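The values are calculated or read from the model by the stated rules, or taken from the named source; none is laboratory data. Because the structure is a prediction, the values reported are computed rather than measured. So basically every Cβ, Gly included, is an ideal-geometry build from the backbone, and we count neighbours across all protein chains shown. Remember, those area values only see protein heavy atoms, side chains included, never the ligands or the DNA or RNA. Shrake-Rupley method; radii C 1.70, N 1.55, O 1.52, S 1.80 Å.
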Amino acid sequence: MFLEIVDVFISGLINGSVYALMAVGLTLVYGVTKAFNFAYGSFYNLGGYFAWLLLIPLTVVGGYYSVFFLAVPFFFIVGYLLEKVLIAPLRKYDDWEMKVMMLTLGLSLFMDFGYQSVFGPRIKSLPSIIDGTVEIGKVVLFQQDIVIFILSVSGMLCFGWVLNNTRTGMAVQAVAQNPAGAQIVGIPKDFIFAATFAISTIMVGFGGILLCQKNFVDPMGSTDIMIKAWVITAFGGMGSIRGSLYAAFILGMLEAFVGWYFGMIHVQIATLTLLLVTLAIRPQGLMGRE
Amino acid sequence: MKKTGFLAVVCAIVMLSGVSGYSADTIKVGVPLAETGAYAGSGDNYWKGIDMAINEINKGGGLLGKQLEVVRFDSQEFAPEVVMQGANYLCGKMKVASVHAGWAGWGQDIRAYGKYDAPFFCDDGAMPAVDVYKSNPEKYSNTYFITDTGGDQANSMFSMLTALPYEYPNKKIVIINTDDAWGMEVGDTLSKRFKKIGWKVAKRETVPYGTNEWGPILTKIRRINPAIIHIEIPSSQEVITFFRQFIKQPTNSILSYGWSITPLEVLTTLGKDADGIVGEMPAGMPAPKAPNSKSQAWVDQYMSIYKHPVPAGSWIAYTSVMAWADAVKAVGDEYDFKAVNKHLKEAGYEGLQGRIKFGENNTLHAQPAAPIVHYQVQDGKLVALFTDPPLKPYGDYKFQVPRWIKK
Amino acid sequence: MLKVDGLTKKFGELVAVNSLNFEVKEGQIYGIAGPNGAGKSTVYNLITGNYRYEGRIEFDGQDITGLPPYRIAKKGIARTFQVPEIFPSLNVQETIRVGSRFGARGGLDKKHSDEVLNFVGLEEERLQHAGLLNLLGKKKLMVGAALATKPKILMLDEPMAGSNAGEIADLMDLIKKINQQLGITVIIIEHFMKVLTELTETLLIIESGRMICCDRPEIVTSDPRVIESYLGDSYAEDK
Amino acid sequence: MLKINKLNTYYGESHILKDVSLSVGQGQVVIMLGPNGHGKSTLLKSICGLVEKIDGRILYDGQEIAGLPSEKIVNLGVTYIAENRELFPYMTVKENLKLGAYARSARASEKKNMAWVASLFPKLMQRHNQMASTMSGGEAKMLAIARGLMSDADLLCIDEPALGLQPSYRVEISKIIREISKQGKTVFIVEQNIPQLIEMADKIYIMEEGAISFEGKKEDALNNEQLREIFLGL
Amino acid sequence: MSLKRMVVILVGFYCLMGVMPLFFGGTDYIMNILIMILIWAVVASCWDVIMGFAGIFSFGQVAFYVVGAYASAILSVSLHVPPVYAILLAAVITGLFGVLVGLPCLKLAGPYVALVTFAVHMTLVPFLRGPMGRAIGSGGAQGILTVPPVSLFGMTFSSEHLVPFFYLTLFLTIICTIILVLVIKSYWGTAFLALKDSENFAASLGISAFKYKLMVFGLTSFITGLFGALYAHYVGMLSTRMLSMDVFTILMIMIVIGGIGKYPGVVVGAVITVTLNQFLAPMGMYRPLIMGAIVVVLVLFLRDGLVNPIIRLISSRQKAGRTGEYLS
């Protein structure tokens, strides 16, 4: 029994790290720019297709190293353009938050079916970064899961450090807390908005690459990802990085234990009920600010 | 503004009525399939068979001297409204002479196409769809189920699993199925049959689509250490991730994948890793060697066009187009639906594996000419072990005890 | 008419209003003054039920403590806002009618609305979009809508802010008219001491949420505590 | 130092500033008086690049800055200190100050300015780890001014520095502004009526309804009965 | 938009719709589209009222629609309530459900309302598919396949008899449209506008934000539920696929085309969207691709939707100054 619980606990940890990886970009963008990106899942898939394209048809030299190396500029440009071309022009309307939601919803439809028409409707699988298992006593772990766990947690910590300890990170926080104030002290607000989008796109792209190599590149999978990320973001508190880190692990554990004890069919409803109850009691989420 | 509203309505009507270019020198064939969404993969399988059949007929001079013209419709994820739109569009507006769907929902399609008289071939394979048919056989007499129901398939799976030349170490089975009609039906039937012969269904788990993290379930499975794990999830992702996570710390269990072995991606992704898994395909084509030279020629042709092995649904979709064409040829008028239906039902069709006949409830029950084929993955390929009915070993192919089972 | 007893409001650690007591008598023009951030507007917001608070407020003999804003409005307490709040998507006449329809007595009274329109001097702009009015117009519109609710008491929040001498005189006339012709009790928050000394009968000075003094204006303005805390040295020198 | 020529500003459809022209000399303290809501703040925001639609010329040190993005203007040495403070609420005093020196031009002298600010606002530095959102109005205002000083600007545009403050703070702010002016900085203040500030003004403007209605020395203003009464609050 | 013009547009629209069966009565395909136009026009109008007029960013419209549909289907299938009563009951249930969802939303600011209501939408999927849904008769993932048709005065209204069903729908549509127009043009509508513009000022004039917001939730979900229920008995089968993003997006496109808060623009939006969706259906995966692109382009370039600029173009002679018809 004890071993079983350890097993489920580890499963929850892995779930949590995966979810953290999914959600952090969305949280960041919302926190700084107050724009809710419904096309988030589609950018996640873009990561998957990006890796697939480089690895399978193009068989790029260096494998995943090259993929990650090339992903940084690629997703930076994609995210930057997304903000500059599609989101920024909407800011002049007073109901721009609504308009952003609508626009990105349309964009996600466009992107998802764009993938289908370009790459076909079938799922694609990526070679795994690392294969094999590690045995610790009676517990067997995937090396792949360990890599994802380490990358996602250290990525989050590193990101948090940058946010709190560098000038640019401070500037990003400043824009999040008070855009007008940021402008006054000479922070280029519009650039920070676009850069935040770009950074979050890099993160979601990396998340896409990492998770798609674990599972699949699924052209229709973006809605699921969006909803997962959305649930975590809303649960943790819109815009709170730390909140979504907690939320990701809480939900990961919840899923693992509910699935183990009550059955997988109850997982989704348990998660969403938790979210609804949280939002009803504390609309700003776990760590969110009013 | 009145003008705007008027203009909008007029535009709408022009758009709607404008597209139906009616020409008498072709025969329209409706193909409503999932082209987008979660079922697009299976839709693609059916389409390949249908397309092959239509090309073959057209190359051979067409049907009654006329070329066949395909009218496709994307039935997406079978939302009732979309299915109904499809029926109205294909039968009502485009006036197609027959409809070839694959998996088209769980009964909505029967009702939608039952309103019209054109023969409607579908592969719902689940009891609720048959129940709709049974509620008014007269009205739905143009419906043809091109595979057996889930329950009968499950019965066949049960027979195969008990007939395997393998001694089970215990009498415990774990059944994992999806939360939809198909999965529930197969799961229920299997657990009933196994209980009857004194087995214990140690765990019955219903999972939603999109389950990719199997840790909690595998934890329980490891404690149970069942003799058989049966998975019934008609979608490739879930079964692949299950296998990957299972194999890292396997139990001494036969992995029975049922229909879940058939999605194309399962084998192309897992390759030789999947060796040892067993599964079935209804109305299937035994492999790697087809039962006769005609079938083998067809399989070769298929592989030369599409560059992959024949997935579930392709062959039977091909055959149903051919069967319909055969009936039309015999009747001499593609729009004499009554006669076409009568011919289809009474005469059946001489297919590649023999004469197929639609039986009770217009269902193509498993029969020697369209058998349920039970496979095992060997060397990364599907190898037929049995055909059913009657359940008999196929060719010289032998069951191999999976490598993860420790003696 | 309006009796405030032990009114206290804390925002986190900040005590915005600190056990404040005062009473406004019927027919009075009552002034409230004090430095910015002293809690004047907060007092208004508490009376109109925008926040929860400690203490007790009595109006017209009824306890109105803790009622939501719209209920308080229906009881006959109307107010204006320091920064003009209007409905940009409605025109002047509609705005006034909203007040009439939802106000104290309930039910739309067109005649009264038109009278109010004349009373505040907006009859010429009646079909104009509220958003296009100038500052003075917006203020008058706020007062008009408030009057249309047929209030017993009207609370004005810095009505003179941003006005020049002519406009101030104009507005002072209007306030006097409201008080004398319509018999409505008026409470007014204002910075311009001159306005307060001329209009009000009683003047309440608060600082940091606490009452410093409350008396007739001429007495208040010569109170050394007031001069020190609020009016500053220059005022005293000037005197 | 600063020369504005025929500046017009719009918010949406409404025309806020109408043909405003003025000049502020090097090292001067210039005060603009006028009632609330008549465009004074808009003028400062226009100078600092915080208003989108402006028309006209703004020359700073002979360089055209009208229409430049705010961060460029800050880099040139013009800083806006907002009336409603615009602090970063969930950052500490110290972090707020550090961000005050975000502009590239201010980074080199960040340490020096920090020391200067610390000497000007000793009380503020005692609580450098306090969150800005928990500060009282007066303290927050001090912090806003301190943050503005961190930008190493030569021209400080201060919007209502003493608005709504208790007399003790007003006196302190007047002192600080005097101190700033002594350091050779140019100060352009928008105010309603603070006698202590008017005392130190080199030049006074009065704005009514978006246009300049008076320009002159403080003596002239003080001698003008009407102005005294309406705007100087005396 | 003035009451007069609004009425002219709507009367014109419904008259046009009313004569349609004369031309297309025999073509099921087009009749089906016309019926769906009517249904969606009302559902989208409700969304426009709650979002555009009341200013509440509710993303729960599809959820209300589905709740109405399932409620009526379950009532008539499991409890054998005659469909006519089932539809009415379902509408009441949905109305109450709307009030229930509305309650926590009243305290929340803009985007958070969208979050809560969308969370309700998402929770419905596993609820209806899962064991709890099956327990109340939702049929799980398979859905409900045997929703009985509406019978009234000895007549059957269903997808088998499209012309009678069309007129039944038209009748209900007109009634609901009248209700919505009355709401928009009465003091209700004014109260919504006032609350949207300045909640503080509105409250100081005696308008209860709580009451009116709750009422708008109740009313719009009642009507939405009514049409959801009608739809259930029309198609005769239900599944949770109704909650897919596709349906949600299509409903949204209607509003984007019609213009938010520009009633009755959304009605024309519904006509265009439903037709376009049908027209593009044979294009397979290019349909959603194009629909998505349309949303992006429209949101980006047309602030008031597609319909209103056209109206303005046509009636450019009339200056867009509103007269005081509210409350008059």
| note | Phi angles of the range A:32-46, converted by Karplus (6.51 cos²θ - 1.76 cosθ + 1.60, θ = phi - 60°) into ³J(HN,Hα) in whole Hz with x for Gly and Pro, give 8, 9, 6, 9, 9, 9, 6, 8, 3, x, 6, 6, 4, 5, 4
| task | Determine, from the Cβ-Cβ distance of B:Thr162 and A:Val134 and an R0 of 60 Å, the FRET efficiency 1/(1 + (r/R0)^6), rounded to the nearest 0.05. | result | 0.95
| note | Under the Karplus relation with 6.51, -1.76 and 1.60 and θ = phi - 60°, whole-Hz ³J(HN,Hα) for the range A:63-75, x at Gly and Pro, equal x, 5, 4, 5, 4, 5, 4, 6, 5, 4, x, 4, 6
| query | Pairs D:Lys111/D:Lys203; B:Lys171/B:Lys392; A:Lys92/D:Lys98; A:Lys84/A:Lys189; A:Lys138/B:Lys248: which are spaced more than 22 Å apart, C-alpha to C-alpha? | reply | D:Lys111/D:Lys203; B:Lys171/B:Lys392; A:Lys92/D:Lys98
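With viscosity set to 1.306 mPa s and temperature to 10 °C, compute the Stokes-Einstein D of the range E:183-222, Rh being the Kirkwood radius across alpha carbon pairs; µm²/s, no decimals.
158 µm²/s
As a test of the definition: with a 1.4 Å probe, what buried accessible area, both sides summed, do you compute for E against A, in Å² to the nearest 100?
The buried area between E and A, both sides summed, comes to about 3800 Å².
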| said: Taking θ = phi - 60°, what integer Hz values does the Karplus form 6.51 cos²θ - 1.76 cosθ + 1.60 yield along the range B:25-32, in sequence order, with x for Gly and Pro? | reply: 8, 10, 10, 7, 10, x, 10, x
| message | Let me make sure I get this right: for the range E:40-89, a, b and c are the square roots of the gyration tensor eigenvalues over alpha carbons, sorted descending. Under 1.5 in a/c it's rounded, otherwise prolate if a/b > b/c, else oblate. Which is it? | response | prolate
| field | the range C:20-174, Rg to Rh (Cα coordinates; Rh as Kirkwood inverse mean 1/r) | value | 0.96
| message | Using Cα springs under 10 Å in a Gaussian network model of chain A, which residue among A:Ile269, A:Ile202, A:Ile130 shows the largest mean-square fluctuation? | response | A:Ile269
| request: Take chain D, connect every pair of alpha-carbon atoms lying under 10 Å apart with a spring to form a Gaussian network, then pick out the residue of D:Ser168, D:Ser70, D:Ser133 with the largest mean-square fluctuation. | output: D:Ser168
| request: Return the subset of D:Lys3/D:Lys40; E:Lys4/E:Lys107; C:Lys138/D:Lys18; D:Lys6/E:Lys196; C:Lys138/E:Lys107; C:Lys25/C:Lys150 for which the Cα-Cα distance in this structure is over 26 Å, preserving the input order. | output: E:Lys4/E:Lys107; D:Lys6/E:Lys196; C:Lys138/E:Lys107
| request: For the range E:3-244, evaluate the Debye formula with one uniform point scatterer on each Cα (no solvent term) and list log10 I(q)/I(0) at q = 0.10 Å⁻¹, rounded to two decimals. | output: -0.49
| field | Relative contact order (percent, whole number), the range A:20-220, Cα cutoff 8 Å, 6+ residue spacing | value | 46 percent
| Chain pair D, A: how much accessible area is buried, both chains summed, with a 1.4 Å probe, in Å² to 100? | 1900 Å²
| query | With chain C treated as a Gaussian network of Cα nodes joined by springs under 10 Å, which of C:Ser41, C:Ser163, C:Ser100 yields the largest mean-square fluctuation? | reply | C:Ser163
| task | Would you mind checking the radius of gyration and Dmax of the range B:186-298 based on alpha-carbon positions, in Å? | result | 15.5, 49
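Regarding chain D, what is the average projected area of its C-alpha convex hull, in nm²?
For chain D, averaging the hull's shadow over all directions gives 11.9 nm².
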| query | Under the definition of Cα pairs under 8 Å and six or more residues apart, what whole-number percent is the relative contact order of the range C:83-150? | reply | 50 percent
| request: Taking only the C-alpha atoms, wrap a convex hull around the range C:83-150 and report its volume per residue in Å³ as a whole number. | output: 70 Å³
| query | Ratio of the range C:125-193's C-alpha Rg to 2.2 N^0.38 Å, to two decimals? | reply | 1.10
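Enter the accessible area per residue of the protein assembly as shown (Å², integer; probe 1.4 Å; all protein chains in place).
36 Å²
Show me the trypsin sites (Lys or Arg not before Pro) within the range C:1-79 that DSSP assigns to loop and that have at most 14 other Cβ atoms within 10 Å of their Cβ.
Counting only loop positions with at most 14 other Cβ atoms within 10 Å, the trypsin sites (Lys or Arg not before Pro) in the range C:1-79 are C:Lys25, C:Arg52.
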| field | Cα convex hull volume per residue for the range E:1-90 (Å³) | value | 136 Å³
| Based on the Cα coordinates of chain B, what is the per residue volume of their convex hull in Å³? | 151 Å³
| request: Mind jotting down the three principal axis lengths of the range C:61-105 based on Cα atoms? Whole angstrom, largest first. | output: 36, 24, 14
| query | Between rounded, prolate and oblate, where does the range A:20-220 land on the alpha carbon gyration tensor, with a ≥ b ≥ c its root eigenvalues, rounded for a/c under 1.5, else prolate if a/b exceeds b/c? | reply | oblate
| field | the protein assembly as shown, accessible surface, carbon-and-sulfur percent (1.4 angstrom probe) | value | 57 percent
| task | Enumerate the lysines that B:Lys134 could reach by cross-link, defined here as Cα to Cα under 20 Å, with residues fewer than 8 away along the same chain left out. | result | B:Lys115, B:Lys338, B:Lys342, B:Lys345, B:Lys357
| remark: Counting only residues 5 or more apart in sequence or on a different chain, those whose built amide H sits under 5 Å from that of B:Glu205 are B:Ile175, B:Ile176, B:Asn177
| Coordinate range along principal axes, alpha carbons of the protein assembly as shown, Å, largest first | 118, 75, 59
| task | Quick one: which residues, 5+ away or cross-chain, put their amide H under 5 Å from the amide H of D:Lys53? H built at 1.01 Å from N. | result | D:Tyr10
| task | Quote the total accessible area buried by chains E and C together, excluding ligands, DNA and RNA, probe 1.4 Å, nearest 100 Å². | result | 2300 Å²
| request: Would you jot down the residues in the range E:188-204 that end up with at least 10 Å² less accessible area in the complete protein assembly than in the chain alone, with a 1.4 Å probe? | output: E:Thr190, E:Leu193, E:Ala194, E:Asp197, E:Ser198, E:Asn200, E:Phe201, E:Ala203, E:Ser204
